[in-house]
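S.K.: Take a look at the following structure, please.
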Amino acid sequence: MNSRLFQLLDDTGLMAHLTAKSRSGSNFVMTVRGGIGPNYQVEATTNLLTWRTNQQFKLEDLETDITVTNSLTPAELYRLEMESD
């Protein structure tokens with residue numbers, strides 16, 4: 001994403017943010033907050049070099065919960081990537 005678009009999304013509050021919510025056994029729940037409309041994917045890694053797509057979704061509300069099953073958390077890191085509409 002180019003820096004101008006990134007700044008615009010951040011300034012308007014439309015930039016999505018991923019935060020940890022809870023963990024139960026091997027299920028890890030994260031909350032995504034942001035502007036309605038864009039497609040996103042949650043990616044996971046254990047080494048910061050190789051990322052794999054965990055889930056893809058369209059943000060249809062200002063906030064949604066994403067559940068990762070069979071999570072390796074706390075040995076796994078997650079990031080949120082915006083995809084094209």
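S.K.: May I ask you to sort ILE66, ILE36 by Cβ crowding, counting other Cβ atoms within 10 Å and putting the fewest first?
M.R.: By the 10 Å Cβ count, ascending, the order reads ILE36, ILE66.
S.K.: Can you compute the charge dipole magnitude of the stretch 16-83 about its Cα centre, using +1 on each Lys and Arg Cβ and -1 on each Asp and Glu Cβ, nothing else charged? Give it in debye, rounded to the nearest 20.
M.R.: 180 debye
Since every read-out is calculated from the coordinates, none of them should be taken as a lab result. Remember, it's a predicted structure, so these values are computed and weren't measured experimentally. No Cβ is skipped: glycine too gets one built from the backbone with ideal geometry, and neighbour counts run over all protein chains shown.
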